Each structure stands twice: as C-alpha cells, then as structure tokens.
Amino acid sequence: MSLRRVLITGSGTVSPFGLGREALINGLYSGSSAVTSLKEQWNDKISDLNCWVGAPLKEKLPLKSIGRKFRRTMGNTAIMGVLAAKEAIENSAVSDNIFQSGRCGVSFSSTTGSTHSLSSFFKEYYDKASLKNVSSGLFFQVMSHTTAANVAHAFNITGRVISPDAACSSSAQAIGLGFEAIKHGIQDVMLCGGSDELDAIVCGTFDLLNATSYRYNDHPEKTPRPFDANRDGTVCGEGAGCLVLEAEESALSREAPILAEVIGFSTLSDGSHLAQPHSESIVKCIEGALHNAGIAPGDVDYINAHATGTLLGDAAEAEAINKVFGDKAVPVSSLKGHMGHTLGASGVLELAASLAMMERGKLVPSLNFELAGEGCREIDCFKSVREGEINIIMKNSFAFGGINVVLILRRYKKDND
C-alpha cells in the first residue's frame, strides 16, 4: 500500500490567553505576556519556591459545556483537552459517523494526570491512611492517560487510543504518532494533542531541577527570556491543544478546511543524560525529520523553537540549528516568553500558533528577547513581527529524559509530490 498524505483540518486551543484559537493568536500578535505572579495564590500550598510566577488560565473553564456524566471522570487536564478537541472538531466539521467508524482514533497526552486531583488523592491517603472516601471518578482523573481516554469517551471514538507520556515532548510526539497512523493506513482521522494544568507542585518540581526563572518574581512579564543573554530559567504555564489530522482522500471527499500538511516527523533519545540537553542528538532529530519530509534545510521558512529560557537548553538548541542550517538564516522564535512553558501541551499549542503564522504570513518574535546570549548568537532570532511567505515550518520539542521530537508542516498544495 502506498503511503498517504496527512492533512490538518482542524485546530483548537485552551491557552493562558484564554479559550479558543482567536484568544491565543490575538495574545501572541499583541506582544502580550500571560505570565503573572502567583505568590499569594500558592503561598498557602508551598512556602519555599524559587519561582513564584506562572502562566495560568485567565478565565474559568466552562464546565457545564461538558455533560456531567463525562465531567465526573475529568480533572482540569482532561477538561481542557476535551474543550480544545471540541473546538478542533467544530473547526474541521468531522461528523459523528466518522468517530464511530473505527477509522478515527485519539493520540493525546500530558506529563501526568491532573495534578490537582493527584494532590487531593494523596492528601486523603496521608491524612486518613485510607482511600475509602475517594470517589472512583478521582482515579480516572489521575491516571496518566486521562486526557486521551476522556477525549475518546466524550466523543464516542472507537478507533485506536494512544497516550505517549513524554513529558514536555508529549503533544508533539502524539501528533507524530497520529501522523504515522494515518500515513500507513491504520486510521483515517486522528485527534492529536496534549494538555497540562498548572499547580504549585509542578513549579516546585522544576525548582528541584534548578530549571525555573527566579530573578523576575517582581517583574513576571519580563520572563522567561528565550535565547536572551539575561535568561535564567523557564516559567510553567497551562493549557491544551488539539489538531485534527486526516488522510488527504478523506479530507477532500468531505471538502474539509485544510490548514496544512504534515510531511515530517522524527523522535529519538539522546541516550546520554536524563536532564542535560545534547546538541548532537538534536541535530540527528532535525536531520531525521528533514529526511522523513524529503526536503533540504534550505526549504524551511521558519523554525518554532522549543527554547524554554534555560541556559543549557536554549544554547544546545541554537547550536544544533546552526549546525544543520548554517548561514541560511532561517528565522527562529520561541513562544514561551508570551505564555510560559505549557509542558505537555506546548508542542501542539505552539504548532497551532505556527499555523496561524503560516496563514497570515507574519512571524511572531520571541517575547523578552533583547540581546542574544552566549551560545545563541549564530541563529536568526528576531525582535519584531516579520512578514513574508511561509510555506514550510519546523517545530522542535524536547523533554527531560532526553526525548527529542521534530515535526515539519507544509502549506498544502494538491499537486505536491
């Protein structure tokens, strides 16, 4: 069987800028920061954080938009995932009969189950040495594949369900695995994405790894600072995103809106360290994605970087980009200065934003980038919106554990080879 082309026909998001794609896109193009101080909110939960800033949702989740029988098994992580999927489905106009055909699946992930629900679960256990008062619904909120399972349940999807728990690379890897499932004829449609919620324990975990920003607690809008000389760590955020991936023949047969084509995917481990990034493994991952897509480095018009604002991570990524692309001066930016690091949702949220950039022909710069830091001076990281035709986008996502993911999208043309 010949390999099939895979298109993106729908996109939905829940981001620190608000519910829906328009809120995300408007927030990014306005040059706003969604990062804020959380000291008052978190001080009663944990007392010794280094980083007291984060990028939480700015509005309450519309819980009643999800039926109660579904909602009881969902923590905020799954709720955000379902809301993002709902928007993507409406955007794509996928019908219920496709969901129930067995030819539609889910590839959705997060770093963990709902962190708030996890805290409630263990608080009950440690306070009372018992779980008798814990509802069965709470279990479904804390299981690691809660978002994938709840998305499939909410929309009565009967195809395959995949939940790659790959930390901050989770949603990018989920998209790649959905791409492969359709490309090889296993499924016709896949709902792909990721979700993560923000909690003090999440930020505390990154504190343990000395990965968080702490110099800007009094000026949260000035951090994180991807690729900048004064970067001092990442800032955690929350949100969810979903892309509808679909086989070309399926999308064309129902005259679906086509946002882009997925043409390349690579994921691999650097195999050397669980916490420290390794530029050579990033190089191999980028080269693997380019080979998979059948394109050369010079064909790429924009790189949406992972760049979280850490000293080592940004430098390793910049070094790898420079090794592959050399003096081709491909524009590079990271969106984490705008909305923090949304963890397992970051890959899909940033890819959804990149689709908007492709459509508008306007690249969003890295917020808080002023002067390139050591190790980051050889790439084209820009400071203001840059206009131009954008046909091919590369998206990088990297995670603790040495998990690297690179995705490549192309503007769809029916006669592309």
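Readers should treat all values here as calculations from the given coordinates under stated rules, not as data from a laboratory. Since we're looking at a predicted model, the values are computed, not measured. Please note: Cβ atoms are built from the backbone with ideal geometry, for glycine as well, and neighbour counts cover all protein chains shown.
Structure above, values below:
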quantity: Charge dipole (debye, nearest 20) of the range 264-410; +1 at Cβ of Lys and Arg, -1 at Cβ of Asp and Glu; calculated: 300
quantity: Relative exposure of 131, 243, judged by other C-beta atoms within 10 Å (fewest first); calculated: 131, 243
quantity: In sequence order, calculated HN-Hα J values of the range 393-402 (Karplus, 6.51, -1.76, 1.60; Hz; x Gly/Pro); calculated: 10, 10, 10, 9, 9, 10, 9, 4, x, x
quantity: Spatial separation of Cα centroids for the range 140-158 and the range 216-231, in angstrom; calculated: 36
quantity: Separation between Cα centres of the range 344-403 and the range 182-197, rounded to whole Å; calculated: 23
quantity: Model label zone, residue 299; criterion: amide N under 15 Å from point 7 Å along Cα-to-beta-carbon; scope the range 234-274; calculated: 261-266
quantity: Long-range HN-HN contacts of residue 159 with modeled amide H, under 5 Å; calculated: 102, 104
quantity: Exposure proxy ranking, count of Cβ atoms within 10 Å, fewest first, for 232, 96; calculated: 96, 232
quantity: Lys, Arg +1 and Asp, Glu -1 on Cβ, resulting dipole of the chain about Cα centre, debye, nearest 20; calculated: 1100
quantity: For the range 10-138: lysine pairs under 23 Å (alpha-carbon distance), excluding those fewer than 8 apart on one chain; calculated: 14
quantity: Residues with amide H under 5 Å from that of residue 234, placed H, sequence gap 5 or more; calculated: 212, 213
quantity: The range 124-220: Cα Rg divided by the 2.2 N^0.38 Å rule of thumb; calculated: 1.45
quantity: Cα centroid of the range 51-112 to Cα centroid of the range 295-322, whole Å; calculated: 30
quantity: Qualifying lysines (Cα of each under 17 Å from Cα of residue 414; at least 8 residues distant if same chain); calculated: 183
quantity: Estimated inter-spin distance, residue 144 and residue 214, nm [label 7 Å along Cα→Cβ]; calculated: 3.0
quantity: Ellipticity estimate at 222 nm from DSSP helix runs (n ≥ 4, -39,500 (n - 2.57)) divided over the chain, nearest 500; calculated: -10000 deg cm²/dmol
quantity: Long-range lysine pairs (8 or more apart or interchain), the range 264-410, Cα under 22 Å; calculated: 13
quantity: Ascending count of other beta-carbon atoms within 10 Å, so fewest first, for 254, 386, 225; calculated: 254, 386, 225
quantity: Extreme residue, positive dipole direction of the range 6-253, given options 107, 203, 143 (C-beta unit charges); calculated: 143
quantity: Set of aspartates and glutamates with alpha-carbon distance to residue 222 below 20 Å, sequence-local pairs under 8 removed; calculated: 40, 207, 232, 238, 314, 350, 370, 374
quantity: Neighbour-limited loop hits for trypsin sites (Lys or Arg not before Pro), the range 202-249 (at most 16 other Cβ within 10 Å; DSSP other than H, G, I, E, B); calculated: 215
quantity: Loop-located trypsin sites (Lys or Arg not before Pro) in the range 54-83, at most 11 other Cβ atoms within 10 Å (DSSP); calculated: 60
quantity: Charged-residue dipole, Cβ positions (Lys, Arg, Asp, Glu), the range 6-253 about Cα centre, Debye nearest 20; calculated: 620
quantity: Under Karplus coefficients 6.51, -1.76 and 1.60, residue-wise ³J(HN,Hα) of the range 57-63 in Hz, glycine/proline x; calculated: 4, 8, 9, 6, 6, x, 4
quantity: DSSP loop GluC sites (Glu not before Pro) with at most 14 other Cβ within 10 Å excluded, longest remaining stretch of the chain; calculated: 60-254
